[in-house]
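Before any comments, here is the structure.
Readers should treat all values here as calculations from the given coordinates under stated rules, not as data from a laboratory. Remember, predicted model here, so these are calculated numbers, not experimental data. Because the Cβ atoms are built from the backbone with ideal geometry, glycine has one as well, and the counts that use them run over all protein chains shown.
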Amino acid sequence: MELVIFLSSLFFFLFLGIPIAIVMVLCAIVLMFYSGDGDFMIIPQAMVDGVNNYPLMAIPFFVFAGEIMSKGGLSKRVILLAQLLIGRVKGGLGYATIVSAIIFAGLMGSSVAEAAALMGILFPMMQQAGYDKGRAGGVIAAGAILGPIIPPSANFILLGATMELSITKLFMIGLTPGLLIGFLLLVMWFIVVRVDGYTETITFTRKEAVQILKEASPAFMLPVLLLGGIRFGVFTPTEGGAFAAVYAIVVCVFYYRELALRDLLRVSMAAARTTAVVMFIVGTASAVGWFITSAQIPGQMAEFFAPLVPTPNLLLVAIMIFLFAAGMVMDLTPNILLFAPVFYPLVTQAGVDPYMFGLLFVLNVGIGVITPPVGTVLFVVCGSGGISMGHLVRKMAPFLILEIIILFLLVFFPQLSLIPLKYLM
């Protein structure tokens, strides 16, 4: 019964349009009254305990680094590099968008930040080239889901902290599938270009190409140095976040010189606001998690899915369907904090590799940010481009379907990520 009370209150408050952090507090209060425990101090205590977690310190560092890169001219140089690499073929702006999304994923680790950056620079160029607004916004939204998959990913940090898994290993298991998704998006764009009839190409003179390579090299080197340092134990993921922030400051302030030292205060304020929102959600979800555990809801979920434990693939399919539905109405962070602790014991009991499950979990709820009715990336794209939600979803459909197919392909063929992980580690 507690499970029904929790899910009913959760979706009821969500459909009222209440902000997710407040929804978490309200759900905690509902569970508290239902359990007969009227001690309101449990909620703030659980919130403080939830954010008092060392691995979560990496999040403000990566958020700060992302803000610096976004404001300091690094984003536009990455896009120019992508255009130089693949813009000569027909439909070059679309190809450049996907390549930019792959590189941005290794820099920002956030789907919303990726979508905002690509919409601000590439979307006007695609409109000017005659692209359908929905198609242009659709390929940007589809590419933005690489942010939570390709390391460094704030979502993998949250998942690792929640499930007590190695964040380094989570980073590594996301690398190959993320690149695979990016490659298959390029293949899908190849088909779309033939259907829509896009013919524009992007060319640069030799002098321009040399200048682009010179200016974009520091941006391209950041994910290489960051992942290499984490993989070979030079620094932890948390220390890697600090390294990324310092590296971004050096490049944007002293190399590009597009960000003055006095601008760092403004950038720090923006990063602090973003971090505060994330940490508030983490805290409130932790409070709900305390009551979920107290009400033995994980045990009830285990009983519901128990018949599927002997067949791990069917269990994963059932969990993926549930998470896909949850992802349509909730963002990545609350999904990870609420449901990862619930399903983790089940999948380990079924013999599923916990890191493989972590990858599937984040990819699934990552797809949720581009599915209606509550896809945060959809809102960013629609708001920035003046596109109706229905038109955007229709034009994005080929890319969305492809990503769902890849999700279930990884369910049935986990070796696609586990074998590369073995060599990466």
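Quick one: 266, 77, fewest Cβ neighbours within 10 Å first, how do they rank?
The most exposed by this proxy come first: 266, 77.
Using only alpha carbon pairs under 8 Å that are at least six residues apart, calculate the relative contact order of the range 92-237 and give it in whole percent.
So the answer I get is 29 percent.
Which lysines, on any chain, are close to residue 395 with Cα under 16 Å apart, when same-chain ones fewer than 8 places away are left out?
Cross-link targets: 133.
Relative to the longest principal axis of the chain, what angle (0 to 90°, nearest 10) does the C-alpha long axis of helix 415-424 take?
70
Determine the dipole magnitude for the chain: charges of +1 sit on the beta-carbon of Lys and Arg, -1 on that of Asp and Glu, nothing else is charged, the reference point is the Cα centre, and the result goes in debye to the nearest 20.
Using only the charged Cβ atoms, the result is roughly 1560 debye.
Putting +1 on Lys and Arg Cβ atoms and -1 on Asp and Glu Cβ atoms, find which of 171, 355, 185 reaches farthest to the positive end of the dipole of the chain.
After comparing all options, I get 185.
Relative to the longest principal axis of the chain, what angle (0 to 90°, nearest 10) does the C-alpha long axis of helix 389-412 take?
That helix lies at roughly 70 degrees to the long axis.
Quick check on the exposure proxy: order 70, 9, 153 from fewest to most C-beta atoms within 10 angstrom.
9, 70, 153
Mean separation of Cα pairs under 8 Å and 6+ residues apart, divided by the residue count of the chain: what relative contact order is that in percent?
Result for the chain is 27 percent.
What is the range 1-70 by shape, rounded, prolate or oblate, if you read a ≥ b ≥ c off the alpha carbon gyration tensor as root eigenvalues and call it rounded for a/c under 1.5, prolate for a/b larger than b/c, and oblate otherwise?
Verdict is oblate for the range 1-70.
Please name which of 60, 105, 91 has its Cα lying farthest along the dipole of the range 42-190 towards the positive end, using unit charges on Cβ (Lys, Arg +1; Asp, Glu -1) and the Cα centre as origin.
Among 60, 105, 91, the one farthest towards the positive end of the dipole of the range 42-190 is 91.
Under 10 Å, Cα contacts only: if you run a Gaussian network model on the chain, which one of 144, 46, 65 comes out with the highest mean-square fluctuation?
Top of the fluctuation ranking is 46.
Can you tell me which of 271, 116, 260 moves the most in a GNM of the chain? Springs connect C-alpha atoms under 10 Å apart.
Greatest mean-square fluctuation among the candidates belongs to 260.
For the chain, treating each Cα as an identical point scatterer without solvent, what Debye log10 I(q)/I(0) comes out at q = 0.11 1/Å?
-0.83
Tally Lys and Arg at +1 and Asp and Glu at -1 over the other residues with C-beta under 11 Å from the C-beta of residue 255: what net charge comes out?
Once positives and negatives cancel, what remains is +1.
Have a look at 220, 415, 286 and report the one farthest towards the positive end of the charge dipole of the chain, computed about the Cα centre with Cβ charges (Lys/Arg +1, Asp/Glu -1).
So the residue furthest toward the plus end is 220.
Given the pairs 76/214; 169/214; 71/207; 76/169, which are separated by over 24 angstrom at their Cα positions?
169/214; 71/207; 76/169
Tell me the mean residue ellipticity at 222 nm calculated for the chain from its helices only (DSSP H runs of n ≥ 4, each -39500 (n - 2.57), averaged over every residue, nearest 500).
Helices in the chain give a 222 nm mean residue ellipticity of -25000 deg cm²/dmol.
Name the shape class, rounded, prolate or oblate, that the alpha-carbon gyration tensor gives for the range 1-122, where a ≥ b ≥ c are the square roots of its eigenvalues, rounded holds for a/c under 1.5, and otherwise prolate holds if a/b is larger than b/c and oblate otherwise.
Prolate is the answer for the range 1-122, as a/c is 1.5 or above and a/b outweighs b/c.
Starting from the Cα of residue 204, step 7 Å toward the Cβ, then list every residue of the range 122-160 with an amide N under 18 Å from that point.
Residues 122-123, 125-126 fall inside that zone.
For the range 280-309 and the range 382-425, what is the centre-to-centre distance using only Cα atoms, to the nearest Å?
What the calculation gives is 27 Å, centre to centre.
How would you rank 164, 403, 200, going from fewest to most other Cβ atoms within 10 Å of each one's own Cβ?
164, 200, 403
Per 0.36 nm of contour for each residue apart, how much would the distance between residue 257 and residue 57 grow if the chain were fully extended, relative to their Cα-Cα spacing?
Length difference between fully extended and current span is 69.2 nm.
Suppose R0 equals 41 Å. What FRET efficiency, 1/(1 + (r/R0)^6) with r the Cβ-Cβ distance, do residue 269 and residue 348 give to the nearest 0.05?
Efficiency computed from Cβ-Cβ geometry: 0.45.
Need the C-alpha centroid separation for the range 212-277 versus the range 330-348, integer Å.
Their Cα centres are 30 Å away from one another.
Using only the alpha-carbon atoms, how far is helix 206-231 inclined from the longest principal axis of the chain? Give it as 0 to 90 degrees, nearest 10.
Around 30 degrees separate the two axes.
Going 7 Å from the Cα of residue 186 toward and past its Cβ, which residues in the range 139-155 have a backbone nitrogen under 19 Å from where you end up?
Hits in the range 139-155 for residue 186 at 19 Å: 139-147, 149-151.
Compute the Kirkwood hydrodynamic radius of the range 313-377, taking the inverse of the mean of 1/r over all pairs of distinct Cα atoms, and give it in Å to one decimal.
11.7
When the chain is fully extended, how far beyond the present Cα-Cα distance does residue 34 get from residue 8, taking 0.36 nm per residue of separation?
Additional length available on full extension: 8.1 nm.
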